[in-house]
Amino acid sequence: MALPYHLLKVCGSTVFAAQGSDIHSFSSALEYISTWKYPVHIADEANVPSTEAQDSPAPEGPPAKRRKMDGGKESASNGQPKSKKAAQYIVPANERPFVQGLYATTDGCHLVAITGSDKTIWVFEHDGRGNLKLLSQRAMPKRPCSLTLTPDNHTILSADKFGDVYALPLLQSTTTTTPPTSDPIVVAPLPKSRSATPSTPAAPSTPTPLLLKPQGNELTVHTKRNLKALENQKISMDRNSKAQQDQLNGAAHDVVVFEHTLLLGHVSMLTAICIGTTSGSREYIITADRDEHIRVSRGMPQAHVIEGFCLGHEDFVSRLCVAPGGKARILISGGGDDDLFVWDWARGQLLGKAGVLEHVRRAVVAVEGEASTTKVAVSRVFGCRWEGATGVFVVVERVPALFRYELLEDNTLCHRETIPLPGNVLDVEMIEASGVAPPRLLVAVDPGASAEGLSSSSSLILLDKEEAGWRQSNVENLPAGADVNISTKELQKILYSTETLRKSSDFD
């Protein structure tokens, strides 16, 4: 099955687009440049059952717990299917190594990506001409859900599904260490950022590395998903250990150290993270979770100090956007509620709301002829300078339209127009045009979800603003992606995961 482009990121004059596990680069004129492909041997390891687990002797005690597969057939607790046909779909949809996040530094020199199945953060060097060089890959303890970078472009902040925020240096440092005695992930203190408050200097000392190991094993983990996650974690740790051993060769040498420092935690799954700054250039970490909370914490190294909350959502919060254009104290949030929320995040004050569900219903009626939508799941909130004002473009999951809002001078959010598109919108980015030409919008759509009567031969669409409306043109001559063995149902789970944040009780 051919995969659509599902993530976009503009990095200077280069456009990066993720398609499955690959990242393609294009010029600002959408001319193809190059492709980074997920390493094949790593993908194979993630999808092949652990031979070590198969060869280990059976534990003493009661027999292995048996579970029912999706088709109703039983399988042993090691997760192995009984037939070759079932083996084709043994890896759940959300366990495939798809790119699930793209982020860039403000100077355009580095690109950061998340892949889901191996919980890995990838850092690339960008040469400014669309070519990527892999600098590091770091498997996190828990799957990252969202990332952001500090304004100085030195630190990555990773929010994961366990509710924790970790700080990692963008560029890994090298340090001399002794050969590890087990499979370690080395954790060392992170240097303080520019936002750190002065403190009494401590005497220099050599930190003792903390060796992290999986807390579960085949005897304590029974579900198919957790077994697969445990296997992937072991594979990642084995790979890191082997790389260190290859560099050591029995002696002490310069070895890449995996630094990550726990900054703060929620009691619920984190869904979004961003950095806010005040007029005094002090940095704050703003996080959102599945339990309707938006928290404002101090920047490093005082991230454990909670400055306040932005409370008012009644459903999950999936996206945060700090307004551009000199409105750094204004935060726009969206998720499972019927409205977008506008906040003065520094005060924790709700400034207003802007309806989403009402415009989604009109868009659905225009395509399907009836308003069957009762809930919305905001999957993207993108702010930029647009036509001399602050524009906010909103993507709603499974809706074939893009919604444009404008943040007015009094900080109220006003809906300006709904842009219908030939397929469900997956992502949107703005491309700056050269000279005096107006900027353009690049939209990634799912052509397989096109409504009857509409068709799109490309999953990338350019939008040009004209007096008569929007001119849409397909991006042609896209590189042919690999034909992936994935069912339509599995692909839908990957492309449309925001709605799964909604708690089941909300449907009652």
Can you find a residue in the range 109-123 that is modelled with pLDDT of 85 or more and either surrounded by fewer than 19 Cβ atoms within 10 Å (Cβ to Cβ) or among the small types (Gly, Ala, Ser) (or both)?
yes
Could you give me the residue pairs with C-beta distances under 6 Å whose first residue belongs to the range 219-241 and is within 23 Å of GLU259 (Cβ to Cβ) and in a helix (DSSP H, G or I), whose second residue is at pLDDT 70 or above and of a type in the set (Asp, Glu) wherever it lies, and which are 6+ apart or on separate chains?
ASN232/ASP118; SER236/ASP118
Every residue from the range 97-108 that is open to solvent by less than 30 Å² (accessible area, probe 1.4 Å) and over 14 Å from the mean Cα position of the chain (by Cα):
THR105, GLY108
Looking at the range 131-145 only, could you name the residues that are farther than 11 Å from GLN100 by Cα, buried (at least 22 other Cβ atoms within 10 Å of the Cβ) and not charged (D, E, K, R)?
LEU132, MET140
So how many residues does the range 474-486 have that are more than 16 Å from SER21 (Cα to Cα) and either surrounded by fewer than 13 Cβ atoms within 10 Å (Cβ to Cβ) or under 23 Å from the mean Cα position of the chain (by Cα) (or both)?
2
Is there a residue in the range 115-123 that is among the hydroxyl-bearing types (Ser, Thr, Tyr) and in a loop (DSSP other than H, G, I, E, B)?
yes
Test result for SER379, outside any helix (DSSP H, G or I), free of Cβ contacts under 8 Å to residues at least 12 places away in the same chain and either within 25 Å of ILE494 (Cα to Cα) or of a type in the set (A, V, I, L, M, F, W, C) (or both)
no
When only residues in the range 276-319 that are assigned to a strand (DSSP E or B) and of a type in the set (D, E, K, R) count, which is surrounded by the most Cβ atoms within 10 Å (Cβ to Cβ)?
ARG319
Which residue out of SER504, SER458, SER497, SER434 is surrounded by 13 or more Cβ atoms within 10 Å (Cβ to Cβ) and modelled with pLDDT under 90?
SER458
Odd one out for GLY325, checked against (1) in contact with a Gly (Cβ under 6 Å, 6 or more places away or on another chain); (2) among the small types (Gly, Ala, Ser); (3) surrounded by fewer than 16 Cβ atoms within 10 Å (Cβ to Cβ):
(1)
Which one of the conditions (1) surrounded by fewer than 21 Cβ atoms within 10 Å (Cβ to Cβ); (2) modelled with pLDDT of 50 or more; (3) not small (Gly, Ala, Ser) does PHE16 fail to meet, given that it meets all the rest?
(1)
Flagged in the range 328-345 as surrounded by fewer than 20 Cβ atoms within 10 Å (Cβ to Cβ) and in contact with a Ser or Thr (Cβ under 6 Å, 6 or more places away or on another chain), in numbering order, are ALA328
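The values are calculated or read from the model by the stated rules, or taken from the named source; none is laboratory data. Bear in mind that the values here come from a model prediction, so they are computed numbers and not experimental data. Heads up, the Cβs are rebuilt from the backbone with ideal geometry, glycines too, and the neighbour counts pull from every protein chain shown. We work out accessible area using only protein heavy atoms, side chains counted, and drop any ligands, DNA or RNA first. Shrake-Rupley method; radii C 1.70, N 1.55, O 1.52, S 1.80 Å.
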